[in-house]
Amino acid sequence: MPESKDKYYVTTPIYYVNDKPHLGHTYTTIACDVLARFKRLDGYDVKFLTGTDEHGLKVKQSAEKAGISPQEFTDQVSQNFRDLCGLMNFSNDDFIRTTEERHIKACQHLWKVLEERGEIYLDKYAGWYAVRDEAYYQEDELREGPDGKKIAPSGAEVEWMEEESYFFRLSSWQDKLLEFYESHPDFCLPETRFNEVKSFVRSGLKDLSVSRTTFDWGVPVPGNDKHVMYVWIDALTNYITAAGYGVDHEMGGYWPADLHMVGKDILRFHAVYWPAFLMAAGIQPPKRVFAHGWWLIEGEKMSKSIGNVIAPADLIERYGVDATRYFVLREVPFGNDGDFVHANAVNRINNDLANGLGNLAQRTLSFIYKNCEGKIPAPAELTENDTALLAKVYDEMLPTVRRELDQQRFHKALDAIWEVVNASNVYIDIEAPWALKKTDTVRMGTVLYVLCEAIRCLSIIVQPVMPESGKALLDLFILPEEKRCFQSISRDAALKGGEGIPQPQGVFPRLQLEEKAA
Ligand code: ME8
């Protein structure tokens, strides 16, 4: 029997369908896709989930504005997010919609469990509610807007709402949450955000209103049709629905999830409410919640509600899918905010991809194609310089990248890979195979061989970030599929020499300066 693989379950937020996807959503899903692909190549059994959050007043209002029913509206807009997966080459294993039957059943199951355990009770609610955020705010969190209306910290307008509501006993989970954080110091990253979460919980938790009677576009509360579930309890449950909660007792072995990737705007829901709901239902909380930063446009958050968005299709047209994926993860330390500047994208892509990795592969392989009868030379004795580069390639690169990605430090992981790209470009300049051609063809062959090994391993390790370019590079070595996973980043899987190569084609085009235009 084959050995059973370790499981890895990673999720994106499920996105609201009140408008089209933009760079912000794309960014989160790119990050998850890279982790999913990385873990698959590293031998894990991966489940990668994304989807759409389709209930709530905001969606209902958007549908009304569009003059169609909420169901028609969500069908249309959810499709945009599904299309994005194809467009950006996402490898999600599932796409969940909260209007699906499987999800409604899972939510109602969770609700009943919470009710049976005495974690939910019926009462009345009055407070300041922001439709845009689908959240209530405290009076002291609000400021006055220019027209005298009250404004939430997020910038959304709030209105006074009064309704009968079910409540979740969040207040009774304060100590248990703090204990949980204490015993899981890696639960939430980056650390500064985890500290904010802890101080929020320490400052005291109130019971949470978890149902609504003012609209009906939601999951009906079991046994009381007047109420639909609060959109956040509905939304968060998607992560267990997709694992088979309520149907499969084992949840396919995927629970607890390894990682919920979210933007910092929704950390509180994931790091406070969600683990509390789960613990209250007797389910383990996820292993990690990572809250990344925002893409800003001229200092302001890119957002559908504000209307200052960058469309993924524009980026693809300008830069291509892989270069876009690379740029967003390399440019800004993951966790920080970043201002999107097209000129920076052009420079980064030209320097790192066209001049860096692309040029390394192109000059090495076309030299071999022209001067070595299209065959990778076999190595002779290795020098110190050769073994030093190969040690980076075989021994240092993958463990470093693994370590960085396990902490979601994408920029550091890419730094580690590009350190090898740069070291290889330094190596080729120092060893100068074009000069050796005239003086020492045996040594020339060894140098070219060492370079091919570096390029082969680099091509394998860039696949999660740039799947198509990685494939194109590996095609230059005519490597079979089974030699494209991380196990092959090793001396054992090294080329022997004598392998034929096709005429090399450039993989990373240089972008022209006029494409800099904002
Ligand atoms: O909050 N920069 O959905 P949403 C970076 N349905 N990331 C951004 C971004 C930006 N400018 N704008 C959006 C919801 N995002 C809920 C989630 S989960 C159970 C329910 C990303 O459509 C980021 O990941 O408003 C953020 O958390 C998410 O999109 C919010 O998407």
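Footprinting exposure proxy ranking of 107, 372, fewest other C-beta atoms within 10 angstrom first, gives 372, 107. Taking amide H positions as modeled 1.01 Å from N, with prolines and chain starts lacking one, the residues under 5 Å from residue 47 and 5 or more places away or on another chain are 8, 9, 10.
3J(HN,Hα) couplings calculated from phi for region 51-63 with the Karplus curve 6.51 cos²θ - 1.76 cosθ + 1.60 (θ = phi - 60°) are, in sequence order, x, 10, 9, 10, 9, x, 5, 4, 5, 4, 5, 5, 5 Hz; Gly and Pro show x. Within region 453-518, all pairs of alpha-carbon atoms sorted by distance into 10 Å bins from zero give the percentages 19, 47, 21, 10, 3. Extension gain for residue 75-residue 117 works out to 11.6 nm (0.36 nm per residue, less the C-alpha to C-alpha distance).
Secondary structure note: in the chain, about 50% of the DSSP beta bridges are antiparallel. Taken about its Cα centre, region 344-517 carries a charge dipole of about 240 debye when Lys and Arg each add +1 at the Cβ and Asp and Glu each add -1 at the Cβ. If I take R0 = 41 Å and measure r between the Cβ atoms of residue 65 and residue 468 in this structure, what FRET efficiency does the formula 1/(1 + (r/R0)^6) give, to the nearest 0.05? Once the sixth-power term is evaluated, E becomes 0.60. When you count the other C-beta atoms within 10 angstrom of each residue and take the mean per peptide, 8-15, 351-358 line up highest first as 8-15, 351-358.
In this structure the amide hydrogen of residue 15, modeled in the peptide plane, comes within under 5 Å of the amide hydrogens of 51, 52, 53, none closer than 5 places in sequence on its chain. First measure r as the distance between the Cβ atoms of residue 199 and residue 45, then evaluate 1/(1 + (r/R0)^6) with R0 = 45 Å and state the FRET efficiency to the nearest 0.05. It comes out at approximately 0.75. Please work out the Cα center distance from region 72-101 to region 285-334, rounded to the nearest Å. Cα centres, region 72-101 to region 285-334: 18 Å. Ordering 137-148, 471-482, 266-277 by mean Cβ neighbour count within 10 Å, with the highest value first, yields 266-277, 471-482, 137-148. Here the chain was treated as a single set of alpha-carbon atoms; its pair distances binned every 20 Å from 0 give 21, 49, 24, 7, 0 percent.
With the simple model of a label 7 Å out from the Cα in the direction of the Cβ, residue 384 to residue 492 spans 3.1 nm.
Neighbour counting of Cβ atoms within 10 Å sorts the residues 248, 45, fewest neighbours leading, into 248, 45.
Axis of helix 231-241 versus longest Cα principal axis of the chain: the two differ by about 50°, to the nearest ten degrees. With the alpha-carbon atoms of region 6-140 aligned to their principal axes, the span from lowest to highest coordinate is 52, 42, 36 Å, starting with the largest. Contact order for the chain, expressed relative to its length and based on alpha carbon pairs under 8 Å spaced 6+ residues apart, stands at 15 percent.
A full extension of the chain between residue 20 and residue 157 corresponds to an added length of 47.1 nm, given 0.36 nm per residue minus the alpha carbon distance. For region 156-205, the spread of Cα coordinates along the three principal axes comes to 39, 27, 16 Å, biggest extent given first. Expressed as a whole percent, the proportion of Cα-Cα pairs in region 344-517 lying more than 23 Å apart is 38%. Ordering 380-386, 208-214 by mean Cβ neighbour count within 10 Å, with the highest value first, yields 208-214, 380-386. The fraction of Cα-Cα pairs per 5 angstrom bin, counted from 0 for region 49-99, comes to 5, 21, 28, 20, 13, 10, 3 percent, rounded to whole percents.
Every number in this text was worked out from the coordinates using simple rules, so none of it is lab data. Note that this is a predicted model, so its numbers are computed, not measured. Here the Cβ is made from the backbone with ideal geometry for all residues, glycine too, and neighbour counts use every protein chain on show.
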